[in-house]
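Q: Handing you this structure, nothing more for now.
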Amino acid sequence: MSTVSKPRVERASFGHMPDGTDLERIVLRGVEGFEAGIIPYGAVLHTLHVPDRAGRSDDIVLGHDTFDEYLAQRKFLGATIGRYANRIAGGRFTLDGATIKLDVNNGPNMLHGGNDGFDRKLWRIVEVKDTPEPAAVMDYASADGEGGFPGKLEARVTYRVTGPTELAVTFEATTDRPTVVNLTNHSFFNLDGALSESQILDHRIRIVADHFLATDATSIPLPGPPHPVDETPFDFRQMHPIGSRIRKGNEQLLRGRGYDHNYCLMPGEGVRLAARVESPRSGRVMELLTNQPGLQFYSGNFLDGTLPGKGDRLYRQSDAFCLEPQAWPDTPNRPDFPSARLDPGRLYRHETVYRFSIV
């Protein structure tokens, strides 16, 4: 008896924008229950179903069941972040002798693009490919001066299933004036499942970095060179449980209520391994590969039980972790950091791959 396989791509309505515009949800499928659901509002990774060691496929990213919930609260769940991910000190920087003033929305600093970043924009669906490597392509045109950033920025993001259980996310951007750009995806992961009752403190993580950026009380990198991870709770060069040292009386952990720091990835060309996370409970393994110079590791410290998510579950501290490949924070104010400058005629290209397996 023949069987009919599921289509690799599905599209369906997920709700409506305040002006009545229909919002689609696109599902890209791999094999064995692997699938990624994307919505164009914020270019959000809405769901990511990954099989465990028993063959059960669960959604492993935090989010909301309805579109109205995404509109109601800005929590960056699965969102594309821009024009500049992470923080810029004082909400200002100097570019070619001109002082650029940005939105200040995180204490004295700019965070994740300011008051109305790319996570709050409706991206345009450019193309949906129902091919052996199904993909969704979306773009957004950020006007000159939006959020204070100079230059009209043409941004594009592509979600593509590039293997049986592998998702690639590619960001590209061009500008008509010199500017800075730093795009990333802000998914919150729990390898036991978004609806599980388990926290991520027993997840084991390895980060391919010898140095990290220590920060001040407002999460801005301190002056001076990156700090060695050696003999600190930030040393994840070998696998360690996320929670094994998170309650140490370390000043940096106290400031961030846990991990919320940029790791300075080992130099290299192209897409390379940046981190590996394993869940002893589900057996799921996530490897993150990227071409970016930094990786922000966040242990879900500010999830405080006030945000209801999928299945009406209240998200609490340590319910998820984030791994955000990106430029280093406050780079526009730090000539000693790798540059985030983008000039006309140049292409910004950020490549990240999430590769899943079981152990």
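We did not get these values from a lab; they are worked out from the coordinates using the rules stated. Values in this document were obtained by computation on a predicted structure and should not be read as measured data. Note: ideal-geometry Cβ built from the backbone for every residue, glycine included; neighbour counts use all protein chains shown.
Q: Hey, what number do you get for the chain at 222 nm if only DSSP H runs of n ≥ 4 count, each worth -39500 (n - 2.57), divided across all residues, to the nearest 500?
A: Mean residue ellipticity, 222 nm, calculated: -1000 deg cm²/dmol.
Q: Local charge sum around D176 (other residues, Cβ-Cβ under 11 Å, Lys/Arg +1, Asp/Glu -1)?
A: Once positives and negatives cancel, what remains is -1.
Q: Post the alpha-carbon centroid distance, segment 27-57 to segment 8-24, in whole angstrom.
A: The two parts, judged by their Cα centres, are 18 Å apart.
Q: Over segment 188-231, what relative contact order in percent results from Cα pairs under 8 Å that are six or more residues apart?
A: Dividing the mean separation by the residue count of segment 188-231 yields 29 percent.
Q: How large is the Rg to Rh ratio of the chain when both quantities use alpha carbon positions and Rh follows Kirkwood?
A: With Rg and the Kirkwood Rh in hand, the quotient comes to 0.95.
Q: While we're looking at this one, here's another question. Cut-off 10 angstrom, C-alpha nodes, Gaussian network model of the chain. Which of G148, G193, G270 fluctuates the most?
A: G270
Q: Which aspartates and glutamates does K248 reach when only Cα atoms under 17 Å apart count, and residues fewer than 8 places away in its own chain are ignored?
A: Straight-line reach from K248, under 17 Å: D202, D230, E231, D235, D260.
Q: Any idea what the dipole of segment 9-358 comes to, in debye rounded to 20, about its Cα centre with Lys/Arg Cβ at +1 and Asp/Glu Cβ at -1?
A: About 500 debye.
Q: Grab the beta carbon distance between A12 and S357, set R0 = 30 Å, and tell me the FRET efficiency rounded to 0.05.
A: Details: r = 30 Å, r/R0 = 0.98.
After rounding, the FRET efficiency stands at 0.50.
Q: Cβ neighbours within 10 Å, averaged per peptide: list 177-184, 328-335 in order, most packed at the top.
A: Details: 177-184: 23.1, 328-335: 20.9.
Going from most to least packed, we get 177-184, 328-335.
Q: Can you grab the distance from the C-alpha centre of segment 84-126 to the C-alpha centre of segment 160-213, Å, no decimals?
A: Taking the Cα centre of each part, segment 84-126 and segment 160-213 sit 20 Å apart.
Q: First select every other residue whose beta carbon is under 12 angstrom from the beta carbon of A209; then total the charges, Lys and Arg +1, Asp and Glu -1.
A: Its environment carries a net charge of 0.
Q: Is there a pair in K121/K310; K101/K121; K75/K129; K6/K121; K129/K152 whose C-alpha atoms are over 24 Å apart, and which pairs would that be?
A: Those over the limit are K75/K129; K6/K121; K129/K152.
Q: At a threshold of 8 angstrom on Cα-Cα distance, excluding pairs fewer than six apart, so keeping six or more, what relative contact order does segment 9-358 reach in percent?
A: Answer for segment 9-358 is 18 percent.
Q: Sort 135-146, 94-105 for me by packing, meaning the mean count of neighbouring Cβ atoms within 10 Å per residue, highest on top.
A: Top to bottom by mean Cβ count within 10 Å: 135-146, 94-105.
Q: Further question: For a quick protection proxy, order the peptides 289-300, 61-72, 339-350 by their average other-Cβ count within 10 Å, most packed first.
A: Top of the packing list down: 289-300, 61-72, 339-350.
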